[in-house]
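To start, the structure itself, in structure tokens.
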Amino acid sequence: MSTQIDRHSIDDALYIYLQDNSKKWYARFQLFGKWYCKSTKEVGKDQAIAKAQLLRMEWKIKAETGTLTKSKRFRDVAEKAIACMELELANGGGIASYREYIHVLKRYHVTFFDRIYITSIDHQKLREFDVWRTQQAKRELTKSTILTHNAAMQMVFKQAIENQWMLPIQVPVLSNKGVQGTRRASFTPDEYEHLVFSNAEMMKNSRKQVTADIRQLLFCYMEFAINSGLRPGTELDHLTWGDIQVESHDHKSRFFITVRKGKTTKHTGTRQVVCKQGIFDVIQLLILKHKNRKATDLLFRLPNGDTTNELGPTFSRLLKECDMKESPSGTRTLYSLRHTYITWELMAQSVSIDVLARQCGTSIQMIEQHYSHVVPKMFSNQLSGMDMPVEAKEIKDRFDVPDKTKELFAKKAKAWADNYRKRGCI
């Protein structure tokens, strides 16, 4: 590594210096809050001082006129930004949103801006892009989608600034105007019950064992989402056996899940989620399927230990089979199970919005924005002035059972505790 051996200050924002690996002076100057370093290519000190002053003046003029000679084409900068995000994700870093940024950059920004110099992107060009993007999407984009696109674009500008291909003052202001987000698609209790029944029928009629295994694993995945509110994909896919904890008292057991990796964990850290009683049977099923489980093993695996990417497509086929793919609130996906959990909890008035937001790893504002159609019903007694029972799906107390069953549950709780001591998971 080179070492600075001499330095001469010209003013507070400009100086020249020598390094031990070169006889030529370097100039370091500040423009618009950022420092830049360029070689003067001069050996003499006086000549270097004059060249340093000239370099700073040239860069200032080019920055103000948008004519930096080192400017790059948009595609080149975007591809470098994408490569950096992909590298971070591959090494277990970055944020989950990087995948979405990469997708929108490739689909929209790179296609439109392509070989345009990044310093040539101004407000007029951005307005043209907005019109083109709407035509490509065939709909008005929501404000949240626009914000995602802007965040992706800022990653490109950040890459350009870091590589001195543009200056901060050249970054245009991005518009965040978009249509208000719509309500989230979810399921009614009857619809979800029909989905579970249909999936069981499809599992029985599977021609191959692996197909039946995938459909059974899908049932477990669905039950976890509907009983915990965890995010399909970003949170559920990374759960391990060691992330499940149990608190037992006699024959009663309460399950907790520690979310270590997901959409918000990089900024908020891990969080602990309390599961509803319905999770009990599913955990029992998974325990039977994976008797040699370890704490570090992923939770959602096939009986042979393999993971699968077929849960999403299988759920999509299940929705089509039940004619539930489309709803008044939009297209349903696996993520609709999380929306269903939030909607049912709001309707049941079992917890406050603040507690529900913490449980789901989101904000009160998000719940109020996307579930505004449910929130007024939470206060229907107060708003109407009439005290009526809340309409909620009756949930049978799983632990209101005969003594023999209570004894069995107590044995299971003891077995889970023994497993924790031996293998670090239930």
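The values are calculated or read from the model by the stated rules, or taken from the named source; none is laboratory data. Just so it is clear, the model here is predicted, and its values are computed rather than measured. Glycine gets a Cβ as well: all are built from the backbone with ideal geometry, and neighbour counts include every protein chain shown.
Can you go through Ile95, Ile102, Ile82, Ile146 and tell me which one is hydrophobic (A, V, I, L, M, F, W, C), within 20 Å of Thr331 (Cα to Cα) and within 22 Å of the chain's Cα centre (by Cα)?
Values: Ile95 fails: within 20 Å of Thr331 (Cα to Cα); Ile102 fails: within 20 Å of Thr331 (Cα to Cα); Ile82 fails: within 20 Å of Thr331 (Cα to Cα).
After applying the criteria, what remains is Ile146.
Of the set (1) aliphatic (A, V, I, L, M); (2) assigned to a loop (DSSP other than H, G, I, E, B); (3) modelled with pLDDT under 80; (4) farther than 19 Å from Ala185 by Cα, all apply to Ala392 but (4). Exactly one residue out of Met222, Met202 is crowded, with 16+ Cβ neighbours inside 10 Å, farther than 21 Å from Glu345 by Cβ and either in contact with a Gly (Cβ under 8 Å, 6 or more places away or on another chain) or in contact (Cβ under 8 Å) with a residue 12 or more places away in the chain (or both): that is Met202. Residues that are aliphatic (A, V, I, L, M), at pLDDT below 90 and within 27 Å of the chain's Cα centre (by Cα) within the stretch 111-143 comprise Ala137, Leu141, listed in sequence order. Cβ-Cβ contacts under 6 Å between residues 6 or more apart (or on different chains), taken from a first residue in the stretch 288-313 that is touching a residue at least 60 places away in the same chain (Cβ under 8 Å) and more than 14 Å from Thr240 (Cα to Cα) to a second residue that is of a type in the set (Phe, Trp, Tyr) and outside any loop (DSSP other than H, G, I, E, B), are listed as Leu311/Tyr221.
Residue by residue, here is whether (1) of a type in the set (S, T, N, Q); (2) surrounded by 13 or more Cβ atoms within 10 Å (Cβ to Cβ); (3) at pLDDT below 75; (4) outside any helix (DSSP H, G or I) holds:
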{"position": "Thr340", "(1), (2), (3), (4)": "yes, yes, no, no"}
{"position": "Thr343", "(1), (2), (3), (4)": "yes, yes, no, no"}
{"position": "Asp354", "(1), (2), (3), (4)": "no, no, no, no"}
{"position": "Pro376", "(1), (2), (3), (4)": "no, no, yes, no"}
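The set of residues from the stretch 109-125 being of a type in the set (S, T, N, Q) and surrounded by 13 or more Cβ atoms within 10 Å (Cβ to Cβ) comprises Thr111, Thr119, Ser120.
In the stretch 145-177, what residues are small (Gly, Ala, Ser) and farther than 17 Å from Leu105 by Cβ?
So in the stretch 145-177, the residues small (Gly, Ala, Ser) come out as 151-152, 160, 175.
Answer for the stretch 145-177, where residues must be small (Gly, Ala, Ser) and farther than 17 Å from Leu105 by Cβ: just Ser175.
Exactly one residue among Lys41, Lys60, Lys106 is assigned to a loop (DSSP other than H, G, I, E, B), surrounded by fewer than 18 Cβ atoms within 10 Å (Cβ to Cβ) and either out of contact with any Pro (no Cβ under 8 Å at 6 or more places or on another chain) or at negative phi (or both), and that residue is Lys41. Taking the stretch 77-110 as the range and being over 24 Å from Thr145 (Cα atoms) and either in the same structural domain as Arg260 (by TED's automatic domain parsing) or modelled with pLDDT under 85 (or both) as the test, only Gly92 passes.
Scanning the stretch 11-39 for residues that are more than 46 Å from the chain's Cα centre (by Cα) and under 23 Å from Leu167 (Cα atoms) yields a total of 1. Gly33 meets all of the listed conditions (1) at positive phi; (2) surrounded by 11 or more Cβ atoms within 10 Å (Cβ to Cβ) but one, namely (2). Lys23 is checked against (1) outside any helix (DSSP H, G or I); (2) in contact with a strand residue (DSSP E or B) (Cβ under 9 Å, 6 or more places away or on another chain); (3) among the charged types (D, E, K, R) and fails just one. What number does that condition carry? That leaves (2) as the condition not met. Quick one: in the stretch 144-177, which of the residues that are surrounded by 17 or more Cβ atoms within 10 Å (Cβ to Cβ) and small (Gly, Ala, Ser) is modelled with the highest pLDDT? Looking at the filtered set, the residue picked out is Ala152.
Condition check ((1) farther than 28 Å from Tyr335 by Cα; (2) more than 30 Å from the chain's Cα centre (by Cα); (3) free of Cβ contacts under 8 Å to residues at least 60 places away in the same chain) across all residues:
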{"residue": "Met153", "(1), (2), (3)": "no, no, yes"}
{"residue": "Trp165", "(1), (2), (3)": "yes, no, no"}
{"residue": "Val173", "(1), (2), (3)": "yes, no, yes"}
{"residue": "Tyr192", "(1), (2), (3)": "no, no, no"}
{"residue": "Leu218", "(1), (2), (3)": "no, no, no"}
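Residues in the stretch 127-186 that are touching a strand residue (DSSP E or B) at 6+ places or on another chain (Cβ under 6 Å) and aliphatic (A, V, I, L, M): 2 in all.
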